[in-house]
Structures are given as C-alpha cells and as structure tokens.
1. Residue 216 passes all but one of (1) surrounded by 11 or more Cβ atoms within 10 Å (Cβ to Cβ); (2) of a type in the set (D, E, K, R); (3) out of contact with any strand residue (DSSP E or B) (no Cβ under 7 Å at 6 or more places or on another chain); (4) without any contact (Cβ under 8 Å) to a residue 40 or more places away in the chain; which number fails?
2. Hey, among 239, 221, which residue is part of a helix (DSSP H, G or I), in contact with a strand residue (DSSP E or B) (Cβ under 9 Å, 6 or more places away or on another chain) and surrounded by 20 or more Cβ atoms within 10 Å (Cβ to Cβ)?
3. If residue 207 passes every condition in (1) in the same structural domain as residue 239 (by the TED database); (2) of a type outside the set (D, E, K, R); (3) open to solvent by 20 Å² or more (accessible area, probe 1.4 Å) but one, which one does it miss?
4. Can you confirm whether residue 174 is closer than 29 Å to residue 141 by Cα and open to solvent by 60 Å² or more (accessible area, probe 1.4 Å)?
5. Given the conditions (1) open to solvent by less than 20 Å² (accessible area, probe 1.4 Å); (2) at pLDDT 90 or above; (3) outside any strand (DSSP E or B), which single one is not true for residue 121?
6. How many of the residues making up the range 149-161 are open to solvent by less than 30 Å² (accessible area, probe 1.4 Å) and among the aliphatic types (A, V, I, L, M)?
7. Return a yes/no flag: does the range 134-146 have any residue that is on the phi > 0 side of the Ramachandran plot and in contact (Cβ under 8 Å) with a residue 60 or more places away in the chain.
8. Looking only at the range 242-255, which residues are open to solvent by 90 Å² or more (accessible area, probe 1.4 Å) and either touching a residue at least 60 places away in the same chain (Cβ under 8 Å) or not basic (Lys, Arg) (or both)?
Amino acid sequence: MAEPVSVAAEYLAGSRARAARTVLGQVVLPGEELLLPEQEDAEGPGGAGERPLSLNAGARSRVRVVCGPGLRRCGDRLLVTKCGRLRHKEPGSGCGGGVYWVDSQQKRYVPVKGDHVIGIVTAKSGDIFKVDVGGSEPASLSYLSFEGATKRNRPNVQVGDLIYGQFVVANKDMEPEMVCIDSCGRANGMGVIGQDGLLFKVTLGLIRKLLAPDCEIIQEVGKLYPLEIVFGMNGRIWVKAKTIQQTLILANILEACEHMTSDQRKQIFSRLAES
C-alpha cells in the first residue's frame, strides 16, 4: 500500500506544472499546478508562451476563468485539490477562458453556492430550521426564505419534511445557508416537497450525468410512466409515479443506469414498455 503512495509523492515532487489544454479529460492529482495559454501575449501574434493562470483582476486581464470543484486559487496559481478528470466548458461568447473543474467520484457532498439540493428538516431552532443536506454539518433555513412568508404568515414546515432549495452561503468557515426563493423572491419550484413519493440516494457523478442537457436517460424514463421527479446536487432524488410499484421501478432503473451501457438501457426500457 505504501508503494503507490510513494510513487505518487515522487511524481508530484518531480513534476512541473502542466498545461491545462494538454490534460483535458485526463486524470490529475491533488497538488498539481495547471498552466493556461497566455491571453495576451507580449511577444506578438503567433506566440505560444504559457504561464501560471493569473486569477487576479489586473489591467490586462480580459478573459474570465472560473474555478469549479476540485480546483483552488492560491495567489495567482491554480492548484488541483481532488483526484479526477480535468474538464473544461467554453464560455458562450467564445472569447477564451470558461469554467475548469475536476470530475471525481466523491461520496460526501460538499456544499457549493448556487447548488440546488434536497434536504430533510431535522430541527426547529427559533426562526431557523436545521436541514440535513448530507454534508459535514446541517444547513440553516430561515422561515422568511419562502415565497410569501412574513412574520404573521409563516410557512407550514415540520420536522421530517423534505425541502428543495439552493445555497446562498457555502463557505468552509461558515455554516451553509439555504433559501427556497430565487433572486426575484419567487419559489420557482423550490419549497416543501409533497408527502408522497420516494427519496433515495445515488452517487454525485450520476446526478451530474442525469442533469446534463443531452442526457437520454430522463427522456427514456419519461416515456415509461407519468412521473414527478426532483434532482438534488447532493446526490438525492425524489420520484413519484401513479402507483407505488411504478415508483419503485423508476427508482431501481435510475440507480442501475450508472453502470449500464446504452444498449442495456434500451433492452430494459423495451421490456418495461411491453409489460
């Protein structure tokens, strides 16, 4: 067991910073430093110089680069903090930069600002609800963080209810904070989830796969039975169909789809459609 660890340590100690464009889709290790092409090359057109990614807003910086999960800013450097595959998403303007993140199979969810999650109310503490989101500590949810909520008109939230909301505060030094309204004060689908239905947990990688715009699994599942479904970035899925049997079938299909090929999924969906 010590041999692979020592090999990885020697690799990180003797390796130089690698260009991010050459390792897209490849495995990166914690502690690696990434390099990006110069956005403004002082040598003129045709230059191919590379430097550590400068994330400080300087006078010459015209390209915005966003660090996603698995990457951390350390001064003007970009460091890898998780083991996984490096991914990149081009910006809509197509002028360079974009979002870089590390796609890894992580078991415990780490709250991220803006993530929509499914939580379970565990306690009431004055005007604050404590919500279990699967992280290292519960999140706080104010009773005023619901659409139309006032001091006189409080939302009907009980211990054990399922809450679908998003994080507005997610910091390693602060308690995570949730809300059930968007920036305009509208619920927009967030709030207390119905009593019926089934809540189950899947891997974080499967959630990201199901929420991808080009995911075929959700389209195929929607053709089987009429259903209601809610995805949480914390690895929780709530699903409800007309009957309990259909609900259990859908839950089993979603759990098994992570390790199925496209042909295997088509065979299962065709059998269910015939039955």
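The values are calculated or read from the model by the stated rules, or taken from the named source; none is laboratory data. Because the structure is predicted, anything quoted here is derived from the model rather than measured. Glycine also receives a Cβ, built like all others from the backbone with ideal geometry; neighbour counts cover every protein chain displayed. Side chains included, ligands, DNA and RNA excluded: accessible areas come from the protein's heavy atoms. Shrake-Rupley method; radii C 1.70, N 1.55, O 1.52, S 1.80 Å.
1. Every condition holds for residue 216 apart from (4).
2. On the way: 239 fails: part of a helix (DSSP H, G or I).
Testing whether each residue is part of a helix (DSSP H, G or I), in contact with a strand residue (DSSP E or B) (Cβ under 9 Å, 6 or more places away or on another chain) and surrounded by 20 or more Cβ atoms within 10 Å (Cβ to Cβ) leaves just 221.
3. (3)
4. Numbers: closer than 29 Å to residue 141 by Cα: yes; open to solvent by 60 Å² or more (accessible area, probe 1.4 Å): yes.
Against the criterion (closer than 29 Å to residue 141 by Cα and open to solvent by 60 Å² or more (accessible area, probe 1.4 Å)), residue 174 qualifies.
5. So the condition that residue 121 fails would be (3).
6. Restricting attention to the range 149-161, the residues satisfying the condition of being open to solvent by less than 30 Å² (accessible area, probe 1.4 Å) are 149, 157, 161.
After this cut, where a residue has to be among the aliphatic types (A, V, I, L, M) as well, the list is 149, 157.
Count: 2.
7. yes
8. Of all residues in the range 242-255, those open to solvent by 90 Å² or more (accessible area, probe 1.4 Å) come to 242, 244-245, 252.
If the condition is that a residue be open to solvent by 90 Å² or more (accessible area, probe 1.4 Å) and either touching a residue at least 60 places away in the same chain (Cβ under 8 Å) or not basic (Lys, Arg) (or both), then 244, 245, 252 are the ones that fit.
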